[in-house]
Amino acid sequence: MGHVGTHGSGSNDDIPDRSSRDWCVEALTRLNAGRPESALDAARRAVDLDPGAEWAYRLISLAHERLGRDADAVPAAERAVELARGSWPARLRLAAILRRTPGRWQEAAGHAELARKFAPEEADPEVMLGDLALLRGDHAGAESSYLEALAADPRHRQARVNLGLSLLRWDRPRPHHDPAWPVDPRDTGRARRALEVWSRQSRLLVALATVAIAVSALFFDWGAQAQLGGFAVLVLLVPLTIRQARRVGLWSYVPAMFGRDPWLGAGVVSAAVSVLAFAAWLVLGAMPSVPTSFDPVWAGLAGIVVLGWPALAAVRALAEAWRGRPLAALEQSLLAGADRTARRNVGVTLWILLCRTWSVLVPVVGGALVVEPRAALAALAVPYPMVRGYLRARHRDDAWLVTATGLVVLAAVACAAGGVLGSAWAWRIGLGALGAAVAVFAARALRAWWRGGPGPWRSSLIMCDLPMGAAPSVPLTPEVRQTFSYARSIVLSYGDQLGPRVVGAAASVTSTGELRLIAETEAWEAIEADPRVAVFAADPLQRRFWVEVRGIALPDSDILRVTPKEVLVGEFPGRHQRR
């Protein structure tokens, strides 16, 4: 553990009468106030006073995570689990930090599953499982987990925001990387970057070369020289390809990366097709006599080289616009309340709705112009979902979005009027508004790109990732410790397939606040299936108090270790209970 229990020497808040738990409360207060460095100092003081305080270690882990020190956060979280193996907040804290550690994703999922098993009534374990599924691209699994979390806590903000992302079929910023892979995401990121650079450079070079050769041959009669320049471009692509291939490195992961990120694969394949089409186009052009029947083939090869990239970008934009359920996602983000992340996602979702509406409006209007102008009346119904979502959101933070939405509505109304009334000016206004909406979108995207801010695209959607695992531990008061230390009879209650069961047990209390039980072997199998138990004892000295400790029992050699989740203390005959 090293330094996790050592506080800094420069602090000026030495208060001698504070207990370890008081320092934990102070550390949590400082974390919530956005002071992780000061919270780390307070949590270390708590560990110094009580090395068995697992809550303090969880707070140390949280403080390190807030400071961006994920590697330092892992040992403290692991120590918390060692001290309280049945603590669901400790398991949750370890899962939260292990998911950021390369090669330990499966461990994180295992600890999150245990947290859910230990506390099925809590929402946070389900949220963590949903986050793990969402980060791997398992949108159906994530949606199911978030719905379970909201059933336990309908006001859970993180579950609401991230449920919206799962409904949108959102992909995280590194969709090519599976977090469960035992490889650093930075390595696969470098491989992806090399593949993207090669595909962009290759497509750009052959497209520019094709245009230059065509212009030189048609307008300057330099066809032969231009063709030689084209073959020189092919030769130039060889060292460029070798250079980027060396940077990839992780070739064994490339097929799986393409499977997880189809657009990455499509970009690389389209680049390879463009290069092959360019080479075939040059060969056909260099042949001395080519039948005229090959002219469409020659023109088609040039079209693949020049227009392949824009066509792929257009297809991707349409596919992204029609992915997921933006109206349902918008509803969840709005239910999250005035959350900063939710508001940002609301804006992006409205842009997605706008793009979807535009993509429907264009073929409706175009079909009406070609077939039957009066059919343009159907354009009035197209913007309804978009307008409904916009009015529901009342999102006026983005003036560009307001303008583009108004232009699309104007286009629908004007084109419908043009079709019904036969007005050429109405058609011109409608088609002009459609074009202006594209210009507004492009200007908004360019502005976001220039400033480095969130743009009107899916990659601007972000997860809500609140700190987890800070819940206070359940302490055993001196009164409770005394009861278990001197009780003559202790009863262990557990459940199996036939219902609740009770057995006698012998118990002791450790310095860390765990119960150590020796119980009959018939209870062990049932407890391994469902570790939730209750332990009852009565105070033999005063004979007035009874104690019930509800917790999680885990086998350890020949004893059961019970981590408390809830402690009830009452007076006989039991009518005046108090927590």
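All of the numbers you see were taken from the coordinates with simple rules; none came from a lab. Note that the coordinates shown come from a computational prediction; the quantities given were computed from them, not determined experimentally. All Cβ positions, even for glycine, are placed from backbone atoms using ideal geometry, and neighbour counts span all protein chains on display.
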Spelling out what I want: for every residue of the range 479-490, take phi, set θ = phi - 60°, compute 6.51 cos²θ - 1.76 cosθ + 1.60 (Karplus), and round to whole Hz; glycine and proline get x. 4, 5, 4, 5, 4, 6, 6, 10, 5, 7, 9, 10
Along the positive direction of the dipole of the chain (beta-carbon charges: Lys, Arg +1; Asp, Glu -1; about the Cα centre), which of SER557, PHE278, VAL503 reaches farthest? PHE278
Quick one: what are the phi-derived ³J(HN,Hα) couplings along the range 224-234, Karplus 6.51/-1.76/1.60 with θ = phi - 60°, whole Hz, x for glycine and proline? 5, 5, 5, 5, 4, x, x, 5, 5, 5, 4
When only C-alpha pairs under 8 Å and at least 6 residues apart count, what is the relative contact order of the chain, in percent? 11 percent
Within a Cβ distance under 13 Å of ALA393, other residues only, what is the Lys/Arg minus Asp/Glu net charge? +3
Quick one: order ARG203, ARG169 by neighbouring beta-carbon count within 10 Å, fewest to most. ARG169, ARG203
Could you give P(r) for the chain, binned at 10 Å from zero, as whole percent values over all Cα-Cα pairs? 3, 13, 17, 19, 17, 12, 9, 6, 3, 1, 0, 0
May I ask for the Rg/Rh ratio of the range 20-167, computed from Cα atoms with Rh as the Kirkwood radius, given to two decimals? 0.99
On a 0 to 90 degree scale, rounded to 10, what angle separates helix 295-321 from the longest Cα axis of the chain? 30 degrees
Ranked highest first by the average count of other Cβ atoms within 10 Å around their residues, in what order do 90-96, 325-331 fall? 90-96, 325-331
Under 10 Å, Cβ to Cβ, from LEU330 - net charge with Lys/Arg +1 and Asp/Glu -1: +2
Under-5 Å amide H pairs with ARG501, H placed in peptide plane, nonlocal only: TYR494, GLY495, ASP496
Order of ASP556, ASP398 - criterion: other Cβ atoms within 10 Å of each residue's Cβ, fewest first: ASP556, ASP398
Using packing as a proxy for protection, rank 494-504, 228-238 so that the peptide with the highest average count of other Cβ atoms within 10 Å comes first. 228-238, 494-504
What is the sum of charges, Lys and Arg at +1 and Asp and Glu at -1, for the other residues whose Cβ falls under 14 Å from the Cβ of PRO456? +3
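Once the mean 1/r over all distinct Cα pairs of the range 160-200 is inverted, what Kirkwood radius in angstroms do you read off?
11.9 Å
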Taking N as the number of residues in the range 339-460, the ratio of its alpha carbon radius of gyration to 2.2 N^0.38 Å works out to 1.11
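Find the Rg to Rh ratio for the range 478-578, where Rh is the Kirkwood radius over alpha-carbon pairs and Rg uses the same atoms.
Working: Rg = 13.0 Å, Rh = 13.6 Å.
Rounded to two decimals, Rg/Rh equals 0.96.
Counting only Cα atoms, I'd like the Rg/Rh figure for the range 150-258, Kirkwood definition for Rh.
Over the Cα atoms of the range 150-258, Rg/Rh equals 1.27.
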Beyond 22 Å, what percent of the Cα pairs of the range 274-373 remain? 59 percent
Quick one: what are the phi-derived ³J(HN,Hα) couplings along the range 412-422, Karplus 6.51/-1.76/1.60 with θ = phi - 60°, whole Hz, x for glycine and proline? 4, 5, 5, 5, 4, 5, x, x, 7, 8, x
